[in-house]
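Data block below; observations after.
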Amino acid sequence: MKTKLILVSLVLLGITARPGFCQIYRDYSVNNIDSESLLSGELFDPASTPDISTYFNREWLSGDIRLTDGRIIRNKKIKYNGLIDELFWLETVSNRTIKLDKESILQFHFLNFQGDTTIHFIKTKLKQDIFTDSTEIFLQEVKKGNLSLLISHSYYFAGKEAVRMNRNLYLKEIYKEESVYYLSFPENRIIEFKRFSRKNLFASIPDKKDLIKQYLRESISGNIRTDQEILDFFLFLSSFDY
């Protein structure tokens with residue numbers, strides 16, 4: 001048994017010592033629910049870190065990570081970036097940033113995000129247009145039930161602006177958030193909404209057209225734009241059978 005352990009250690013040492021390749025990091029922390037659970041990913045160069053404004057959480061926060069095999073890695077320092085749709089982990093012993101392997105992650109949960117203990121993301125397969133194949137992205141699961149509400153915290157490039165640093169002018173890339181909402185129905189039917197306009201709603205949920213018209217007539221603003229209005233509308237839709 002000792003011989004096998006020594007051999008594994010030597011192999012891992014040989015892999016991480018090779019220059020010029022992405023290094024794979026595996027963690028066998030005592031915080032794991034199972035001592036054989038692991039986190040894997042690439043060492044991430046801080047110099048190539050995406051713009052700080054494109055992170056869902058700009059500071060490292062404690063969180064749990066559920067792997068695709070069902071095991072849970074508990075209480076790790078993590079960050080999520082919406083621009084590149086990647087989850088990062090701060091390995092606290094070496095203070096190294098690891099871009100985690102998305103394929104091995106099912107979902108992750110922030111233990112406390114600005115006082116909210118319910119924030120979690122789940123990996124979901126989506127076909128975003130007719131020209132591309134289905135892809136797996138992380139979506140925030142806001143409400144779950146017979147009808148579920150999910151949000152993609154994505155960003156788009158909005159241009160560049162000149163900023164002054166140390167008496168020199170630099171061009172800074174500007175990104176703006178573009179939240180995309182998804183309604184997940186039974187039988188894996190998912191509808192995407194960038195805006196909850198009447199036209200989009202009537203076309204996407206035609207069997208509820210009359211009910212939606214009545215809802216909008218009776219609502220205070222007659223619109224579905226703010227976070228609260230979106231949540232209220234979702235709760236309204238959730239009251240029906242699908």
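The values are calculated or read from the model by the stated rules, or taken from the named source; none is laboratory data. Being a predicted model, the structure only gives us computed values, none of them experimental. Virtual Cβ from ideal backbone geometry, glycine too; neighbours counted across all protein chains shown.
Numbers below:
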{"item": "Residues satisfying the stated conditions in region 186-199, i.e. within 25 Å of residue 134 (Cβ to Cβ) and loosely packed, with under 15 Cβ neighbours inside 10 Å", "result": "186, 187, 188, 189, 191, 194, 195"}
{"item": "Enumeration of residues in region 217-240 that are under 31 Å from the mean Cα position of the chain (by Cα) and in a helix (DSSP H, G or I)", "result": "227, 228, 229, 230, 231, 232, 233, 234, 235, 236, 237, 238"}
{"item": "Candidates 86, 36, 91, 42, filtered to the one that is surrounded by fewer than 19 Cβ atoms within 10 Å (Cβ to Cβ), at pLDDT 95 or above and acidic (Asp, Glu)", "result": "86"}
{"item": "Hey, residue 161 surrounded by 12 or more Cβ atoms within 10 Å (Cβ to Cβ), farther than 21 Å from residue 240 by Cβ and not small (Gly, Ala, Ser) or not", "result": "no"}
{"item": "Close pairs (6 angstrom Cβ cut-off, 6 or more residues apart or separate chains): more than 14 Å from residue 207 (Cα to Cα) in region 231-242, surrounded by 14 or more Cβ atoms within 10 Å (Cβ to Cβ) and hydroxyl-bearing (Ser, Thr, Tyr) anywhere", "result": "236/215"}
{"item": "Any hit, region 213-226, residues being charged (D, E, K, R), surrounded by 10 or more Cβ atoms within 10 Å (Cβ to Cβ), more than 30 Å from residue 155 (Cα to Cα) and out of contact with any strand residue (DSSP E or B) (no Cβ under 9 Å at 6 or more places or on another chain)", "result": "yes"}
{"item": "Residue that is modelled with the lowest pLDDT, among those in region 50-78 that are surrounded by fewer than 15 Cβ atoms within 10 Å (Cβ to Cβ) and of a type in the set (S, T, N, Q)", "result": "53"}
{"item": "Residues (in contact (Cβ under 8 Å) with a residue 24 or more places away in the chain and touching an Asp or Glu at 6+ places or on another chain (Cβ under 7 Å)) located in region 125-164", "result": "137, 138, 148, 150, 153, 154, 155"}
